[in-house]
Amino acid sequence: MLIEQLQTLNSGQETQDQARARRLRGALTQMSLRNENLLYANTRGISQNNRSSGFRPGYLNRANGELALSRFSDGSPAPIHVLDGLPETWIAARDKDGRVTAVSPEVVSGFIRDGLFYTRDEAIKAAAH
């Protein structure tokens, strides 16, 4: 129900590209990742729906062009977007337990396939072909 409400609200007021641009203006957080998953639910813009097309959750640092696959804090590959395994230089804040709570505003979530970064919107389009 919440997913449908969010998608309805979003589709009535702004496009997914506009919503993405709005989100990119702030730092990526666990909450913003959850919101992205709600926004892109039922599309190939989330990990569970595009994994079979070879996409792996990952990140792009727009400041330097570096890519990073999503990893757990122990370095093992994560099947979804998590922040704990990102390079230390990308991290903006941690909680009292050391978990990443925010990363630099230059970092965006998306997917990596064959060494190339895809935004969620680009992954939707590429997975459809």
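Considering Leu86, Leu67, Leu60, which residue is within 14 Å of the chain's Cα centre (by Cα), farther than 15 Å from Leu33 by Cα and touching a residue at least 24 places away in the same chain (Cβ under 8 Å)?
Of Leu86, Leu67, Leu60, the one residue that is within 14 Å of the chain's Cα centre (by Cα), farther than 15 Å from Leu33 by Cα and touching a residue at least 24 places away in the same chain (Cβ under 8 Å) is Leu67.
Being out of contact with any helix residue (DSSP H, G or I) (no Cβ under 6 Å at 6 or more places or on another chain) and over 12 Å from Tyr118 (Cα atoms) is the filter here, so list the residues in region 48-60 that pass it.
Correct list: Gln48, Asn49, Arg51, Ser52.
Only residues that are out of contact with any Asp or Glu (no Cβ under 8 Å at 6 or more places or on another chain) and surrounded by 16 or more Cβ atoms within 10 Å (Cβ to Cβ): list them for region 57-80, please.
Pro57, Gly58, Tyr59, Ala68, Ser70, Ala78
Going by the structure shown, is Ser53 within 23 Å of His129 (Cα to Cα), surrounded by fewer than 19 Cβ atoms within 10 Å (Cβ to Cβ) and more than 14 Å from the chain's Cα centre (by Cα)?
Yes.
Only the coordinates and a few stated rules stand behind these numbers; no lab work does. Everything numeric here is computed off the predicted structure, so don't read it as measured data. Neighbour counts run over all protein chains shown; Cβ positions are idealised from the backbone, glycine included.
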